[in-house]
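Asker: Attaching a single structure in structure tokens format; questions to follow.
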Amino acid sequence: MEPSASRAQPPPTPPWQQVLQRQLAGLPELRRRRLRSFEPGKASANLQAAGVPLLDLASNDYLGLSGHPAVIAAAQAAAAVEGVGAGASRLVSGSRPAHRALEQALADWLGRERVLLFPSGFQANLAAVTALADRHSLVLADRLIHHSLLTGVRASGARLQRFGHNDLADLERQLQTARPGQRRLVLSESLFSMQGTSPEVGALAALCHSHGAALLLDEAHALGVLGPGGRGLGHGFNGQGGQPDIALVSGTLGKAFGSGGAFLAGDALVMEWLLQFSGPFRYTTALAPPLAAGALAALRQIQALERAGTPQGSALLERARRWRDGLAAADWPRPPGFGPILPLLVGDAGLALELQHRLEAAGLLGVAIRPPTVPEGSARLRLVLRHNLPSGSLERLLSALGCPPQHNRPCS
Ligand SMILES: Cc1ncc(COP(=O)(O)O)c(C=O)c1O
């Protein structure tokens, strides 16, 4: 039998697909994201000059520990004994000696009562906000905090107010708007991932303390690099001796620790609450044991270098200062902040992408960060330093960047 004309018609697109199609069709080209495959040490598939390896100026592997032999060996050994995955939640059968050892080592290192591991920093932040705020709370968040913290605020149902980026006077004004007796939570980061900037953490903690507000500090990009021995910029604020307390410190293991996963560090009370009540902690497969073992080996490296008097964080900060000076001397806008994240603020998304392409053509990997990840009109090329960059990298970068916009003298 011949198929009828009506049967040959494609089926109508279901309404849920129509919504997705409309949203994708409305996405301007400059906002369209693409997955890029990058194999460290190998040539980029996109690179014209085949065979030239791309130099990584984009990842957050600040200390180069993801490829450290001791970190790799620890992860391999754990995989051989424990298997690759934990197979269950921490509260079922997923808790392993590697988790306990890492939690204890991090708690000792940071001087906090207890640490709990999470499979990712995104999840840790979700858990942290929902532990410290509920629908009756007021959350005051820096205007530029990470998306995971905002997701936590939405999940908590709390009222959200934003304060100016690192603007403590604005925060103080807003703290006064809380209703008497209302639970208050302040959210900030110690090194903002797209800005490279840091708040005055001591003053921030003291302000929260004086208003009875809990402070959640995301140290994702600072741990291992900034603060005493890489312990973060919030190190020392643990409420002892009546000093201000950072209620929860959030850290990831996928950046300077060269592994994956994350943790929250705090006092015994808040950590016990998380264990008993937090969905993002309880209802998820535990961090893969090889990642926990790799992160512990990375922590031991960081501690050993501190003991030897050669903390890599300090060397990285010195390099960051030289790179900022070098960029400013070449008439590029001096990247804000002092840490290893150097955003080259160019404003225009098209120009940021063009710079990314110029770098790639010269064998360098630096990524254009565009709205909506950053505010409209503030697109940037995000450059990230690692302690093990080859010498001459800054000169290669300056030559690849070419002439800055509005440059009024001859360009080499
Ligand atoms: C400031 C900040 N917090 C949290 C996260 C999430 O960490 P993870 O990559 O471990 O999920 C990131 C990662 O991009 C981050 O930059």
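The values are calculated or read from the model by the stated rules, or taken from the named source; none is laboratory data. Predicted model only: the values in this text are computed from it and were never measured. Note that each Cβ is placed from the backbone with ideal geometry, even for glycine, and that neighbours are counted across all protein chains shown. All accessible areas refer to the heavy atoms of the entire protein, side chains included, with ligands and DNA or RNA removed. Shrake-Rupley method; radii C 1.70, N 1.55, O 1.52, S 1.80 Å.
Asker: From the residues in the stretch 178-195 that are within 16 Å of the ligand (Cβ to nearest atom) and part of a loop (DSSP other than H, G, I, E, B), which one is nearest to ALA107 (Cα to Cα)?
Answerer: Within the stretch 178-195, the match that is nearest to ALA107 (Cα to Cα) is SER190.
Asker: Only one residue in LEU342, LEU269, LEU359 is without any contact (Cβ under 8 Å) to a residue 24 or more places away in the chain and hydrophobic (A, V, I, L, M, F, W, C). Which one?
Answerer: Matching residue, one of LEU342, LEU269, LEU359: LEU269.
Asker: Hey, another quick one. Restricting to the stretch 271-313, what's the tally of residues that are among the β-branched types (Val, Ile, Thr) and crowded, with 20+ Cβ neighbours inside 10 Å?
Answerer: Counting residues in the stretch 271-313 that are among the β-branched types (Val, Ile, Thr) and crowded, with 20+ Cβ neighbours inside 10 Å gives 1.
Asker: Quick test for you: out of GLY266, GLY260, GLY234, pick the one residue that is at pLDDT 95 or above, surrounded by fewer than 24 Cβ atoms within 10 Å (Cβ to Cβ) and not acidic (Asp, Glu).
Answerer: GLY260
Asker: Further, regarding this structure: Checking SER198 against (1) within 22 Å of ALA75 (Cβ to Cβ); (2) within 13 Å of the ligand (Cβ to nearest atom); (3) surrounded by fewer than 24 Cβ atoms within 10 Å (Cβ to Cβ), which single condition isn't satisfied?
Answerer: Of everything listed in (1) within 22 Å of ALA75 (Cβ to Cβ); (2) within 13 Å of the ligand (Cβ to nearest atom); (3) surrounded by fewer than 24 Cβ atoms within 10 Å (Cβ to Cβ), SER198 misses just condition (1).
Asker: Let me ask something else. Looking for something surrounded by 19 or more Cβ atoms within 10 Å (Cβ to Cβ) and either among the charged types (D, E, K, R) or within 16 Å of the ligand (Cβ to nearest atom) (or both) - is there at least one such residue anywhere in the stretch 65-79?
Answerer: Checked the stretch 65-79: at least one residue is surrounded by 19 or more Cβ atoms within 10 Å (Cβ to Cβ) and either among the charged types (D, E, K, R) or within 16 Å of the ligand (Cβ to nearest atom) (or both).
Asker: Quick one: which residue in VAL374, VAL367, VAL346 is among the hydrophobic types (A, V, I, L, M, F, W, C) and over 21 Å from HIS221 (Cβ atoms)?
Answerer: VAL346
Asker: Another one. Confirm whether ARG135 is charged (D, E, K, R), assigned to a loop (DSSP other than H, G, I, E, B) and either crowded, with 18+ Cβ neighbours inside 10 Å or away from the ligand (no atom under 14 Å from the Cβ) (or both).
Answerer: Judged against the criteria, ARG135 is a match.
Asker: Can you confirm whether the stretch 212-235 contains a residue that is under 19 Å from the mean Cα position of the chain (by Cα), of a type in the set (Asp, Glu), within 13 Å of the ligand (Cβ to nearest atom) and assigned to a strand (DSSP E or B)?
Answerer: Checked the stretch 212-235: at least one residue is under 19 Å from the mean Cα position of the chain (by Cα), of a type in the set (Asp, Glu), within 13 Å of the ligand (Cβ to nearest atom) and assigned to a strand (DSSP E or B).
Asker: Does at least one position in the stretch 157-177 carry a residue that is outside any loop (DSSP other than H, G, I, E, B), in contact with a helix residue (DSSP H, G or I) (Cβ under 9 Å, 6 or more places away or on another chain) and polar (S, T, N, Q)?
Answerer: Taking every residue of the stretch 157-177 in turn, at least one turns out to be outside any loop (DSSP other than H, G, I, E, B), in contact with a helix residue (DSSP H, G or I) (Cβ under 9 Å, 6 or more places away or on another chain) and polar (S, T, N, Q).
Asker: Which pairs turn up if I take residues in the stretch 237-254 that are of a type in the set (Phe, Trp, Tyr) and look for partners that are assigned to a helix (DSSP H, G or I) and modelled with pLDDT of 95 or more with beta carbon separation below 7 Å, at least 6 apart in sequence or on another chain?
Answerer: Correct list of pairs: PHE237/ALA205.
Asker: Further, regarding this structure: Could you tell me how many of the residues in the stretch 119-132 are among the polar types (S, T, N, Q), in a helix (DSSP H, G or I) and within 11 Å of the ligand (Cβ to nearest atom)?
Answerer: Matching residues across the stretch 119-132 total 2.
Asker: Among the residues of the stretch 143-163, how many are farther than 14 Å from ALA213 by Cβ, away from the ligand (no atom under 16 Å from the Cβ) and open to solvent by less than 20 Å² (accessible area, probe 1.4 Å)?
Answerer: Selection size over the stretch 143-163: 1.
Asker: Quick check on this structure: which one of ARG386, ARG358, ARG396, ARG334 is of a type in the set (Lys, Arg) and under 28 Å from LEU27 (Cβ atoms)?
Answerer: Unique residue meeting the criteria: ARG358.
Asker: Right, here's the next one. Does LEU116 satisfy the condition of being more than 15 Å from the ligand (Cβ to nearest atom), touching a residue at least 24 places away in the same chain (Cβ under 8 Å) and out of contact with any His (no Cβ under 8 Å at 6 or more places or on another chain)?
Answerer: For LEU116, the condition - more than 15 Å from the ligand (Cβ to nearest atom), touching a residue at least 24 places away in the same chain (Cβ under 8 Å) and out of contact with any His (no Cβ under 8 Å at 6 or more places or on another chain) - is not met.
Asker: Here is a further query. What are the pairs, 6+ residues apart or on separate chains, where a residue within the stretch 324-338 that is farther than 15 Å from LEU381 by Cα has its Cβ under 6 Å from a residue that is part of a helix (DSSP H, G or I)?
Answerer: GLY326/LEU394; ALA330/LEU398
Asker: Which of (1) in a helix (DSSP H, G or I); (2) surrounded by 21 or more Cβ atoms within 10 Å (Cβ to Cβ); (3) of a type outside the set (S, T, N, Q); (4) away from the ligand (no atom under 16 Å from the Cβ) is the odd one out, the single condition LEU140 does not satisfy?
Answerer: Result: LEU140 fails condition (1) only.
Asker: Now a separate question. Looking at the stretch 73-100, I want the residues that are in contact (Cβ under 8 Å) with a residue 24 or more places away in the chain and have a partner that is open to solvent by 50 Å² or more (accessible area, probe 1.4 Å) and β-branched (Val, Ile, Thr) with Cβ atoms under 8 Å, at least 6 apart or on another chain. Which pairs are those?
Answerer: GLY85/THR285; ALA86/THR285; GLY87/THR285; ALA88/THR285; SER89/THR285; GLY94/THR285
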